[in-house]
Amino acid sequence: MQFQQLQYFVAVAETRHFTRAAERVHVSQPSLSQQIKALEKELGAELFSRARGNIALTDAGEALLPLARRILADTDTARHEVQELVQLRRGRVRLGATPSLCTGLLPDVLRAFHDRHPGIRLLIEEGGSHDLVRQLARGALDLALVVLPLPAASPALTTVELLREDLVVVSGPGTPTPGGPVRIADLREQPLVMFRHGYDLRELTVAACRAEGFEPSFTVEGGEMDAVLGFVRAGLGMAVVPRMVADRTAGDLRVTPLAPPGLRRTIALAHRSDVAPPRAARELQRMLLDARAAT
């Protein structure tokens, strides 16, 4: 049974005339009649009574008509839904990002994307790069903002470098700090508020301290970005955070740069190499890359 045959059948059923039905569907009358006969042969029943030139539905035709109309309507709905997705009227984007990027980079970009495509749902998953890579691999995310380099055992991903960001030290108003830029070695004597395990910033900070020959001292550890900043405000210690987060959320916190060579992190936009992101995800990807060019 072909979709076209159902179109022809409904046209004849509604016009009760083969020639007018052929004109409606823009085919020749012999072609339409041939397709109706082929449909009847496949179904094993006549669909129309053709007595003395009058066209009427048989019992089989009466049974088929509502089903055929439903199939044609569902097909039109499917076509419309796909067109809306293609034209970015509806759909979703599943984006993963580290919590610091959700605080720093994403709000402005997501606002611009939503203003341009209000029908697209944005589903954001916060996590460390290792967790986000795993979710990309199992198809739970369309895109992810991750910190390079990726884990050695990462699946085949396509990555595009988005930005390189300096890290800075934030401290509470009452916490004593050096007068100028902070050296990593200066953190030996300073209590630190530290992120949870699996957090990229934790690994980067701890690795930098160990490279200077010491283990950092933590007063509080295990928090996410908002919690860490709150603990710093409460005077529990310093924290090493991205410059973008400090610029947006520091408020009453003191922001001190790290002395050269400092610490930087590289942010990349990643997706699976074997699956092209959906159309809406590709549009968000383009806007993120445009935001990179503007910084």
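The values are calculated or read from the model by the stated rules, or taken from the named source; none is laboratory data. The structure presented is a predicted model; accordingly, all values stated were derived computationally and were not measured. Note that we place each Cβ from the backbone using ideal geometry, even for glycine, and neighbour counts take in every protein chain shown. These area figures cover heavy atoms from the full protein model, side chains too; ligands, DNA and RNA do not enter into them. Shrake-Rupley method; radii C 1.70, N 1.55, O 1.52, S 1.80 Å.
Would you mind finding the one in Glu189, Glu165 that is out of contact with any strand residue (DSSP E or B) (no Cβ under 8 Å at 6 or more places or on another chain) and over 21 Å from Ala281 (Cβ atoms)? Talk me through it step by step, then tell me what you get.
On the way: Glu165 fails: out of contact with any strand residue (DSSP E or B) (no Cβ under 8 Å at 6 or more places or on another chain).
Checking each option against the conditions leaves just Glu189.
Only one entry of Val109, Val86 meets the criterion of being open to solvent by 50 Å² or more (accessible area, probe 1.4 Å), in contact with a helix residue (DSSP H, G or I) (Cβ under 9 Å, 6 or more places away or on another chain), of a type outside the set (Phe, Trp, Tyr) and within 21 Å of Ala281 (Cβ to Cβ), and that entry is Val86.
Check Thr159, Thr103, Thr175, Thr205 and return the single one that is touching a residue at least 12 places away in the same chain (Cβ under 8 Å), polar (S, T, N, Q) and open to solvent by 50 Å² or more (accessible area, probe 1.4 Å).
On the way: Thr103 fails: open to solvent by 50 Å² or more (accessible area, probe 1.4 Å); Thr175 fails: open to solvent by 50 Å² or more (accessible area, probe 1.4 Å); Thr205 fails: open to solvent by 50 Å² or more (accessible area, probe 1.4 Å).
Just a single option satisfies the conditions, and that option is Thr159.
Pairs are defined by a Cβ separation below 9 Å, a sequence spacing of at least 6 or placement on different chains, a first member in segment 62-78 that is within 14 Å of Gln4 (Cβ to Cβ) and among the small types (Gly, Ala, Ser), and a second member that is open to solvent by 60 Å² or more (accessible area, probe 1.4 Å) and part of a helix (DSSP H, G or I); the pairs so defined are Ala68/Gln7.
Per the conditions (1) in a loop (DSSP other than H, G, I, E, B); (2) surrounded by 14 or more Cβ atoms within 10 Å (Cβ to Cβ); (3) without any contact (Cβ under 8 Å) to a residue 60 or more places away in the chain; (4) not acidic (Asp, Glu), the sole criterion not satisfied by Ala276 is (2).
Mind listing just one residue for me: the one in segment 112-126 that is of a type in the set (D, E, K, R) and over 16 Å from Leu85 (Cα atoms) and, of those, least open to solvent (accessible area, probe 1.4 Å)?
Step one: list which residues in segment 112-126 are of a type in the set (D, E, K, R), which gives 115-116, 121, 125-126.
Subset that is over 16 Å from Leu85 (Cα atoms): 115, 125-126.
Working: Asp115: 95, Glu125: 73, Glu126: 105 Å².
Out of the qualifying residues, it is Glu125.
Checking each residue in segment 230-270 for being in contact (Cβ under 8 Å) with a residue 24 or more places away in the chain and on the phi > 0 side of the Ramachandran plot picks out Gly235, Gly237, Gly262. Of all residues in segment 208-229, those satisfying the criterion of being of a type in the set (Asp, Glu) and touching a residue at least 24 places away in the same chain (Cβ under 8 Å) are Glu212, Glu221, Glu224, Asp226. Please go through segment 16-41 and pick out each residue that is touching a residue at least 24 places away in the same chain (Cβ under 8 Å) and part of a helix (DSSP H, G or I). The answer is Phe18, Leu32, Gln35, Ile36, Ala38, Leu39.
Among the residues that make up segment 283-292, is at least one of them within 15 Å of the chain's Cα centre (by Cα) and open to solvent by 70 Å² or more (accessible area, probe 1.4 Å)? It would help to see each step written out before you state the result.
Filtering segment 283-292 down to residues within 15 Å of the chain's Cα centre (by Cα) leaves 283-289.
The next check asks that each one be open to solvent by 70 Å² or more (accessible area, probe 1.4 Å); those that pass are 286.
Within segment 283-292, one or more residues are within 15 Å of the chain's Cα centre (by Cα) and open to solvent by 70 Å² or more (accessible area, probe 1.4 Å).
Among the criteria (1) surrounded by fewer than 18 Cβ atoms within 10 Å (Cβ to Cβ); (2) modelled with pLDDT under 95; (3) at negative phi, the one Asp200 does not fulfil is (1).
Leu145 passes every criterion in (1) open to solvent by 30 Å² or more (accessible area, probe 1.4 Å); (2) closer than 19 Å to Glu203 by Cβ apart from (1).
Please pick out the residue among Val228, Val245, Val220 that is open to solvent by less than 50 Å² (accessible area, probe 1.4 Å), hydrophobic (A, V, I, L, M, F, W, C), closer than 19 Å to Gly127 by Cα and touching a Phe, Trp or Tyr at 6+ places or on another chain (Cβ under 9 Å).
On the way: Val245 fails: touching a Phe, Trp or Tyr at 6+ places or on another chain (Cβ under 9 Å); Val220 fails: closer than 19 Å to Gly127 by Cα.
Going through Val228, Val245, Val220 in turn, just one is open to solvent by less than 50 Å² (accessible area, probe 1.4 Å), hydrophobic (A, V, I, L, M, F, W, C), closer than 19 Å to Gly127 by Cα and touching a Phe, Trp or Tyr at 6+ places or on another chain (Cβ under 9 Å): Val228.
Applying the selection to segment 250-260, what residues are farther than 22 Å from Met225 by Cβ and either at pLDDT below 90 or in contact with a helix residue (DSSP H, G or I) (Cβ under 9 Å, 6 or more places away or on another chain) (or both)? Passing the criteria: only Ala259.
Scan segment 187-238 residue by residue and report those that are polar (S, T, N, Q) and closer than 24 Å to Leu148 by Cβ. Residue satisfying the conditions is Thr205 alone. Residues in segment 14-25 that are in contact with a helix residue (DSSP H, G or I) (Cβ under 7 Å, 6 or more places away or on another chain), open to solvent by 10 Å² or more (accessible area, probe 1.4 Å) and not basic (Lys, Arg): Thr15, Phe18, Thr19, Val25. Of the residues making up segment 48-67, just one is over 16 Å from Lys37 (Cβ atoms) and surrounded by 15 or more Cβ atoms within 10 Å (Cβ to Cβ), namely Leu65.
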